[in-house]
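Visitor: Sharing a structure here in structure tokens format.
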Amino acid sequence: MAPTIKTIARQAGVTHSTVSRALRGDPRVRPETTARIQAIAEELGYTPSRIGRGLKTRRTHTLGLVVSHITDPFLTEVIHGVQDKVLPASYSLFVAATNVDREREAAIVRSFREQRVDGILICSSRLGGLYRTLIAEQRVPIVLINNQGEGQYAYAVAHDDRRAASACVEHLIGLGHRRIGYLGNERGGSANADRLVGYHAALSAAGLSVGSTDVQQAHTGRADASAEAIRPWLEQAPDERPTAICCYNDLLAIGALRALKLAGLHVPGDISLVGFDDIDMAAYIDPPLTTFAQPKHALGYRAAEMMLRLLDRATDSVAPVLLYGDLVVRMSAGRPKDTA
């Protein structure tokens, strides 16, 4: 039978309340008494009851984390970032996936609240600004990571996708490319929109135009959606199709790489590819993928940091966070044939 506060109190010859105070390090208990009680607790193998603490503090020391897909390698790193901040702070983490379904997202948030989590972190939310209403309903802090919904939200951590997409296009322009395509994700929300804005901005700044077929949208951001999305480019004459493609994410770039190879085209000899995210496998495909590395771990870590401040009611120190990663140059992007 696990030892309790009563067990310790009986062995130490003190009251239950004295044991509770001593285990919390309360200065009202004499140091020698505290030392003796803590020694007895350690000897007995006593572990404080989180449930009991929660009844007093009205906290469960649990957090909910909502993601779009459990298997997404980008989100895996975000989850690790959250864990690395909250687990040392004695919080447990529950994770659930929406599968990019708005109604399911709202249902998960309400379910987490029914489980009495202390706060909820949501990655790639499709509800966005609607969380102001949900907060009023749920009465728990909510932090958004890379919000994909419409509207602004105060408690949010995001990546500067516009600037990053521009950096990808500028890299290709620097290699000599003048016709650059964009392979997007029609379910990518504001991230897809922002990356497309950055794509257009970089081309415009270089005095380059965007052709009527230069932007293609995949129906999801997964690798198997690439083949259908890039078919219009494959059906064009070689001198009409883009010589380089910027992709919404690495998964689409990896899918595009396979589709291009099956069509008998070489990367980067015939078409250059640039991804986005820098997931682990990007460095190991053939050729290794040039990509923009989002600070995935930092996104999760900074969001968790924000959540802990909100739980401590330190709202004055909380402001939206915008992070920026780095372009990682590998072998999938080179000079176009006519300038090589």
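Visitor: Specify the residue that is surrounded by the fewest Cβ atoms within 10 Å (Cβ to Cβ); the eligible residues are those in region 281-306 that are over 18 Å from E77 (Cα atoms) and not charged (D, E, K, R).
Guide: Initially, region 281-306 is screened for residues over 18 Å from E77 (Cα atoms), giving 285-290.
Applying the additional criterion that residues be not charged (D, E, K, R) yields 285, 287-290.
On the way: I285: 19, P287: 17, P288: 15, L289: 28, T290: 26.
Among those residues, the one meeting the criterion is P288.
Visitor: Would you mention how many residues in region 1-32 are within 45 Å of the chain's Cα centre (by Cα) and open to solvent by 100 Å² or more (accessible area, probe 1.4 Å)?
Guide: Qualifying residue count for the region: 5.
Visitor: While we're here: Has region 236-254 got any residue that is open to solvent by 10 Å² or more (accessible area, probe 1.4 Å), in contact (Cβ under 8 Å) with a residue 12 or more places away in the chain and farther than 23 Å from H171 by Cα?
Guide: Yes, region 236-254 has at least one match.
Visitor: Restricting to region 266-280, count the residues that are open to solvent by 30 Å² or more (accessible area, probe 1.4 Å) and free of Cβ contacts under 8 Å to residues at least 40 places away in the same chain.
Guide: Residues flagged as open to solvent by 30 Å² or more (accessible area, probe 1.4 Å) and free of Cβ contacts under 8 Å to residues at least 40 places away in the same chain within region 266-280 amount to 1.
Visitor: Could you grab me the full set of residues in region 324-333 that are touching a residue at least 60 places away in the same chain (Cβ under 8 Å), of a type outside the set (V, I, T) and either surrounded by 16 or more Cβ atoms within 10 Å (Cβ to Cβ) or within 15 Å of P288 (Cβ to Cβ) (or both)?
Guide: Initial filter on region 324-333 (touching a residue at least 60 places away in the same chain (Cβ under 8 Å)): 324-325, 327, 329, 331-333.
Retained after the next criterion (residues that are of a type outside the set (V, I, T)): 324-325, 327, 331-333.
Across region 324-333, the qualifying residues are G325, L327, M331, S332, A333.
Visitor: Under the condition of being in contact (Cβ under 8 Å) with a residue 24 or more places away in the chain and of a type in the set (V, I, T), which residue from region 63-75 is most open to solvent (accessible area, probe 1.4 Å)?
Guide: So, considering only residues that are in contact (Cβ under 8 Å) with a residue 24 or more places away in the chain and of a type in the set (V, I, T), the one most open to solvent (accessible area, probe 1.4 Å) is I70.
Visitor: Quickly run through region 138-172 and pick out the residues that are part of a helix (DSSP H, G or I) and either open to solvent by 40 Å² or more (accessible area, probe 1.4 Å) or more than 15 Å from G64 (Cα to Cα) (or both). Talk me through it step by step, then tell me what you get.
Guide: Going residue by residue through region 138-172, those that are part of a helix (DSSP H, G or I) are 138, 161-172.
D161, R162, R163, A164, A165, S166, A167, C168, V169, E170, H171, L172, listed by residue number.
Visitor: Restricted to region 284-316, and to residues that are of a type in the set (S, T, N, Q) and touching a strand residue (DSSP E or B) at 6+ places or on another chain (Cβ under 9 Å), which residue is farthest from V329 (Cα to Cα)?
Guide: Of region 284-316, the ones of a type in the set (S, T, N, Q) are 290-291, 294, 315.
Right, trim to touching a strand residue (DSSP E or B) at 6+ places or on another chain (Cβ under 9 Å) and you get 290-291, 294.
Values: T290: 5, T291: 7, Q294: 14 Å.
Out of the qualifying residues, it is Q294.
Visitor: Determine if region 76-89 includes at least one residue that is out of contact with any Leu (no Cβ under 8 Å at 6 or more places or on another chain) and at pLDDT below 90.
Guide: Within region 76-89, not a single residue is out of contact with any Leu (no Cβ under 8 Å at 6 or more places or on another chain) and at pLDDT below 90.
Visitor: Take region 221-235 and flag every residue that is of a type in the set (A, V, I, L, M) and free of Cβ contacts under 8 Å to residues at least 24 places away in the same chain.
Guide: First pass over region 221-235, keeping only residues of a type in the set (A, V, I, L, M): 223, 225, 227, 229-230, 234.
Scanning region 221-235 gives no hits.
Visitor: If a residue must be assigned to a helix (DSSP H, G or I) and either among the hydrophobic types (A, V, I, L, M, F, W, C) or loosely packed, with under 14 Cβ neighbours inside 10 Å (or both), how many such residues does region 81-101 contain? So that I can check it myself, show each step before the final result.
Guide: Start the filter on region 81-101 by keeping residues that are assigned to a helix (DSSP H, G or I), which leaves 81-86.
Okay, now just the ones that are also either among the hydrophobic types (A, V, I, L, M, F, W, C) or loosely packed, with under 14 Cβ neighbours inside 10 Å (or both), so 82, 84, 86.
Qualifying residue count, region 81-101: 3.
Visitor: With L203, L175 as the choices, which residue is open to solvent by 10 Å² or more (accessible area, probe 1.4 Å) and among the aliphatic types (A, V, I, L, M)? So that I can check it myself, show each step before the final result.
Guide: Numbers: L203 fails: open to solvent by 10 Å² or more (accessible area, probe 1.4 Å).
Matching residue, one of L203, L175: L175.
The values are calculated or read from the model by the stated rules, or taken from the named source; none is laboratory data. In this text, all values refer to a predicted model and were calculated from it rather than measured experimentally. Here the Cβ is made from the backbone with ideal geometry for all residues, glycine too, and neighbour counts use every protein chain on show. Just the protein is used for accessible areas: all its heavy atoms, side chains included, with ligands, DNA and RNA removed. Shrake-Rupley method; radii C 1.70, N 1.55, O 1.52, S 1.80 Å.
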